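Colleague: This is the structure I want to talk about, given as structure tokens.
The values are calculated or read from the model by the stated rules, or taken from the named source; none is laboratory data. Since the structure is predicted, the reported quantities are computational estimates derived from the model, not experimental observations. Reconstructed Cβ throughout: ideal geometry from the backbone, glycine too, with neighbour counts over all protein chains shown. For the accessible areas, the whole protein counts, side chains as well, though only heavy atoms, and no ligand, DNA or RNA atoms are used. Shrake-Rupley method; radii C 1.70, N 1.55, O 1.52, S 1.80 Å.
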Amino acid sequence: MCLSETRSDARPPHDLGRRGVVAVILRGERMLVIRRSSRVRAPRAICFPGGGIRDGEDEPTALVRECLEEIGVQIRLIRRLWECETAWGVRLGWWLAEIDPQAVPVADPAEVEEILWLRPGEMAEHSDCLESNRVFLSMVGSGEIRLA
């Protein structure tokens, strides 16, 4: 479950926990989605590209790096959309991003099995979709999070 609000008392102040970032990339009505490799956490899950924040990185730097690593494209961040905490205790920053319209994402097989362009409903209904992504898509559908 991804919590839409994070509480300051959820963990001790000295424990920042794991942090990650997610890129929401649109082309028309479709979103760039990945199927994770079988060799990473949550193997073969359907989700948005992104990953962990390294020591010394901020969210934008980490997300640009992760997208280059996973899908081989340079992204341009537009704005931060949301923050949540996953059931695994990872605090995620969700960002609206774009890529050049002519760019062709290429999966790094060490991290990504395939790249898909799905409509929000297709992604949410996919049996392998991560729960945090379903929560995000539900909030987009309800208007709580706006992509436009």
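Colleague: Looking at the structure I just gave you, is P109 under 20 Å from G52 (Cβ atoms), out of contact with any helix residue (DSSP H, G or I) (no Cβ under 6 Å at 6 or more places or on another chain), loosely packed, with under 12 Cβ neighbours inside 10 Å and at pLDDT 95 or above?
Modeller: Judged against the criteria, P109 is a match.
Colleague: A further question on this structure: Looking at V40 and the list (1) without any contact (Cβ under 8 Å) to a residue 12 or more places away in the chain; (2) of a type outside the set (F, W, Y); (3) surrounded by 14 or more Cβ atoms within 10 Å (Cβ to Cβ), which single condition is not satisfied?
Modeller: Unmet for V40, out of (1) without any contact (Cβ under 8 Å) to a residue 12 or more places away in the chain; (2) of a type outside the set (F, W, Y); (3) surrounded by 14 or more Cβ atoms within 10 Å (Cβ to Cβ): (1).
Colleague: Now, a different point. I need a count of the residues in region 78-96 that are farther than 16 Å from V140 by Cα, open to solvent by 40 Å² or more (accessible area, probe 1.4 Å) and either part of a strand (DSSP E or B) or charged (D, E, K, R) (or both).
Modeller: Residues meeting the conditions: 2.
Colleague: Let me ask you something else. What are the residues in region 50-77 that are over 20 Å from V140 (Cβ atoms) and assigned to a loop (DSSP other than H, G, I, E, B), if any?
Modeller: Result: I53, R54, D55, G56, E57, D58, G72, V73, Q74.
Colleague: Quick one: A42 ticks every box in (1) among the small types (G, A, S); (2) assigned to a strand (DSSP E or B); (3) on the phi > 0 side of the Ramachandran plot bar one, so which box is it?
Modeller: Of (1) among the small types (G, A, S); (2) assigned to a strand (DSSP E or B); (3) on the phi > 0 side of the Ramachandran plot, only one is false for A42: (2).
Colleague: Still on this structure: Which one of these does A148 not meet: (1) at pLDDT below 95; (2) in a strand (DSSP E or B)?
Modeller: (2)
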